[in-house]
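The values are calculated or read from the model by the stated rules, or taken from the named source; none is laboratory data. Every value quoted in this text rests on a predicted model; they were computed, and no experiment measured them. We place every Cβ from the backbone using ideal geometry, glycine too, and count neighbours over all the protein chains shown.
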């Protein structure tokens, strides 16, 4: 089955339809393996490679190093924008304008990369840089109006969600199946649709629209958003493990890093909004 994540919808990333969220090496020679027809795929009977392993196949070290680069770029530009672009309460529209502009550029870059057949490291790092600017300004505004504690809580919360999902993934507590993937994608599409409708009502009707991002409903939808992010993390881990097991080219590790960065940014923003509401600022 092709990945539902446009970042991972490339050769080398395939999803098994019934196993736990961990790759069974004996599946490497089955029909779900996009590399089953090449000489480096595992033999269906022996489970051994049909030819010596490629020297340029993706490894976990590649994924970790690329992810460190993309996330490092996000953090670095976020810190720089926080310091260089302080939020002025008297001219808050300027700060929000910068944040929205950076977010739009990052979104365009992400879409361009998502529809490319091969990863472009410069494009991915550029996305990370503009995403960092957006996060830096938003976090600075949150710190100015609510307090730095909320930002710290969101950062620590994101780290905890990542660690918890990784632990559950390794313990085989999460079962990434076709049904799981379909449910998560349907829920995410519904969630995004409601957020868009809420935004439109907010723009044209004033206030907080339908109230999906404030008060009790805001807390509920914030929790749902974090849970969806955690589900996407599990799916990302599964895609990475499959890519490594199937012998994906080393450059595919950039796509893995890109996908993980997108998911972690989602989780951080949802937690930031959730903690804003819990602090009493809707």
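Some notes on this structure:
Yes/no matrix, rows are residues, columns are (1) closer than 20 Å to residue 71 by Cα; (2) at pLDDT below 95; (3) not in a helix (DSSP H, G or I):
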{"position": "208", "(1), (2), (3)": "no, yes, yes"}
{"position": "221", "(1), (2), (3)": "no, yes, no"}
{"position": "257", "(1), (2), (3)": "yes, no, no"}
{"position": "271", "(1), (2), (3)": "yes, no, no"}
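- Hey, residue 214 surrounded by fewer than 24 Cβ atoms within 10 Å (Cβ to Cβ), modelled with pLDDT under 90, farther than 24 Å from residue 74 by Cα and touching a helix residue (DSSP H, G or I) at 6+ places or on another chain (Cβ under 9 Å) or not: yes
- Within region 212-263, tally of residues that are under 18 Å from residue 279 (Cβ atoms) and in contact (Cβ under 8 Å) with a residue 40 or more places away in the chain: 9
- Residue in region 133-149 that is under 24 Å from residue 251 (Cβ atoms) and touching a residue at least 60 places away in the same chain (Cβ under 8 Å) present: no
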